[in-house]
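Novice: First the structure, which I've put down as structure tokens, then a few questions once you've had a look.
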Amino acid sequence: MSTIEPASQYNSVLTGREEINAQLLIMRVQPESALFDFKPGQFAVLGLMSRESRVPEADDEEPPAAPHKMIRRAYSIASSSVEKRYLEFYITLITSGQLTPRLFALPYGGRLLLGPKASGIFTLDHVSPGKAVLLIATGTGLAPYMSMLRTMLVTDTSRPYVVLHGARYSWDLGYRAELESLARLRPNLTYIPSITRPDEDPHFRGYTGRIQTLLDQGIVEALSGVPLNPAQVEVFLCGNPEMARFAQEMLALRGFTASRGKEPGSLHVEEFW
Ligand SMILES: Cc1cc2nc3c(=O)[nH]c(=O)nc-3n(C[C@H](O)[C@H](O)[C@H](O)COP(=O)(O)OP(=O)(O)OC[C@H]3O[C@@H](n4cnc5c(N)ncnc54)[C@H](O)[C@@H]3O)c2cc1C
């Protein structure tokens, strides 16, 4: 009988590690063999053995994880699909979670598992050429949009793209500098960051309030010139399921219908948990 040492399932290396803050990490993962193709918006699977170290701020594991278990989770790819050397991920630390306390403790050069393919239908595949795209995210829900924008904005200079990114504080707005500079270079991109805890972040000069409120008050339409009308725009929602539910309810009143599997719709939703 052959037994496979589970750590030999590791097939990639952490080649980039940028801490946005103690809870938010941008990771670059380079496979040891050729990288699979993917569509912007898709996700991949990362994995680490349960015996790997965890960050000190992680909650106690009760009961302790069995040492030979491979912990796998899905993560949206944030890098361009044209980039063939590595995949980038934008990950939030869940101190009570199994994988993220181990991912956050993984040093530069550390090895990990990358699943064999990308999956998911949260892509721009079915958006008709004449329509604008409104990309709405909370937290790390921005990741699939970074892949879309980094891939599409190189050549697509006509379709209007709008990014509405909500976070608690301005220091949680990962990729803000890149998005601000992309929006300066590409007039067809409007970037709207918003924070929900302005009292604790008084120097932030941007929009404040929840995503649903910005949509309701017409701020997104006013800033981007894109009407919230399903004939003219397709909306993507990614991140916190509560935000996705509220935004869906609000957009349904404007005539947006959710796409389900292969059934097309003007509203596309990816929930992270
Ligand atoms: C298609 C898909 C794409 C995903 N892409 C990303 C991504 O790009 N970046 C990312 O950070 N996560 C992403 N996730 C979530 C990710 O798969 C894990 O669930 C997350 O990292 C927690 O893993 P964990 O093992 O540490 O915690 P677990 O032990 O799996 O879970 C602990 C609990 O934490 C809660 N939880 C999970 N994620 C969050 C969160 N972000 N905020 C608050 N509570 C949460 C859930 O209630 C969960 O039951 C994605 C999930 C899916 C399904």
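The values are calculated or read from the model by the stated rules, or taken from the named source; none is laboratory data. Bear in mind the structure is a predicted one, so any value in this text is a computation, not a measurement. FYI the Cβ positions are ideal-geometry reconstructions off the backbone, even for glycines, and counts take in every protein chain you see.
Novice: Test Pro107 against the stated conditions and say whether it is surrounded by fewer than 19 Cβ atoms within 10 Å (Cβ to Cβ) and more than 10 Å from the ligand (Cβ to nearest atom).
Specialist: yes
Novice: For Gly109, work out the one condition from (1) in the same structural domain as Phe256 (by TED's automatic domain parsing); (2) on the phi > 0 side of the Ramachandran plot it doesn't fulfil.
Specialist: So the condition that Gly109 fails would be (1).
Novice: Would you mind finding the one in Ser50, Ser76 that is touching a residue at least 40 places away in the same chain (Cβ under 8 Å), surrounded by fewer than 20 Cβ atoms within 10 Å (Cβ to Cβ), on the phi < 0 side of the Ramachandran plot and among the small types (Gly, Ala, Ser)?
Specialist: Values: Ser76 fails: surrounded by fewer than 20 Cβ atoms within 10 Å (Cβ to Cβ).
On inspection, the qualifying residue turns out to be Ser50.
Novice: Does Pro64 qualify as being without any contact (Cβ under 8 Å) to a residue 12 or more places away in the chain and at negative phi? Steps first, please.
Specialist: Details: without any contact (Cβ under 8 Å) to a residue 12 or more places away in the chain: yes; at negative phi: yes.
In short, yes.
Novice: Which of the residues belonging to segment 234-265 are touching an Asp or Glu at 6+ places or on another chain (Cβ under 8 Å) and at pLDDT 95 or above?
Specialist: Hits for segment 234-265 are Phe236, Leu237, Cys238.
Novice: Could you check segment 144-155 and list, in sequence order, the residues that are near the ligand (Cβ under 10 Å from one of its atoms) and farther than 23 Å from Lys262 by Cβ?
Specialist: Once the filter is applied, which keeps residues that are near the ligand (Cβ under 10 Å from one of its atoms) and farther than 23 Å from Lys262 by Cβ, segment 144-155 yields only Met146.
Novice: If you don't mind, another one. Give all pairs with beta carbons closer than 6 Å in which a residue from segment 83-99 that is touching a residue at least 40 places away in the same chain (Cβ under 8 Å) and outside the structural domain of Met152 (by TED's automatic domain parsing) meets a residue that is assigned to a loop (DSSP other than H, G, I, E, B) and β-branched (Val, Ile, Thr); count only pairs at least 6 apart in sequence or on separate chains.
Specialist: Leu87/Ile77
Novice: Touching a Leu at 6+ places or on another chain (Cβ under 9 Å) and within 16 Å of the ligand (Cβ to nearest atom): is that true of Leu189 in this structure? Give the derivation first.
Specialist: Working: touching a Leu at 6+ places or on another chain (Cβ under 9 Å): yes; within 16 Å of the ligand (Cβ to nearest atom): no.
Against the criterion (touching a Leu at 6+ places or on another chain (Cβ under 9 Å) and within 16 Å of the ligand (Cβ to nearest atom)), Leu189 does not qualify.
Novice: Mind listing just one residue for me: the one in segment 113-143 that is within 13 Å of the ligand (Cβ to nearest atom) and not small (Gly, Ala, Ser) and, of those, surrounded by the most Cβ atoms within 10 Å (Cβ to Cβ)?
Specialist: Step one: filter segment 113-143 for residues within 13 Å of the ligand (Cβ to nearest atom), giving 115, 118-123, 137-143.
Okay, now just the ones that are also not small (Gly, Ala, Ser), so 121-123, 138, 140, 142.
On the way: Ile121: 15, Phe122: 22, Thr123: 18, Thr138: 26, Thr140: 26, Leu142: 28.
Filtering segment 113-143 for residues that are within 13 Å of the ligand (Cβ to nearest atom) and not small (Gly, Ala, Ser), the one surrounded by the most Cβ atoms within 10 Å (Cβ to Cβ) comes out as Leu142.
Novice: Among the residues of segment 156-178, how many are under 19 Å from Ile219 (Cβ atoms) and within 16 Å of the ligand (Cβ to nearest atom)? Quick ask: steps written out before the conclusion?
Specialist: Residues of segment 156-178 under 19 Å from Ile219 (Cβ atoms): 160-168, 170, 173, 176.
With the extra rule that they be within 16 Å of the ligand (Cβ to nearest atom), the set shrinks to 163, 165-168, 173.
Qualifying residue count, segment 156-178: 6.
Novice: Turning to a different aspect of this structure: Residues that are of a type in the set (Lys, Arg), at least 2 per element: which helices (runs of 4 or more DSSP H) completely within segment 157-273 meet that? Can you show your working first?
Specialist: Details: elements: 176-185, 211-216, 219-224, 241-253.
Those helices (runs of 4 or more DSSP H) span 176-185.
Novice: Shifting gears a bit: Look at Gln248 and say whether it is among the polar types (S, T, N, Q), out of contact with any Lys or Arg (no Cβ under 7 Å at 6 or more places or on another chain) and farther than 24 Å from Thr140 by Cβ.
Specialist: Numbers: among the polar types (S, T, N, Q): yes; out of contact with any Lys or Arg (no Cβ under 7 Å at 6 or more places or on another chain): yes; farther than 24 Å from Thr140 by Cβ: no.
Answer is no for this residue.
Novice: Right, here's the next one. For segment 63-93, name all the residues that are farther than 23 Å from Gln9 by Cβ and more than 11 Å from the ligand (Cβ to nearest atom). Before the answer, list the steps.
Specialist: Filtering segment 63-93 for residues farther than 23 Å from Gln9 by Cβ gives 63, 78, 80-83, 90, 92-93.
Passing the criteria: Pro63, Ser80, Ser81, Val82, Glu83.
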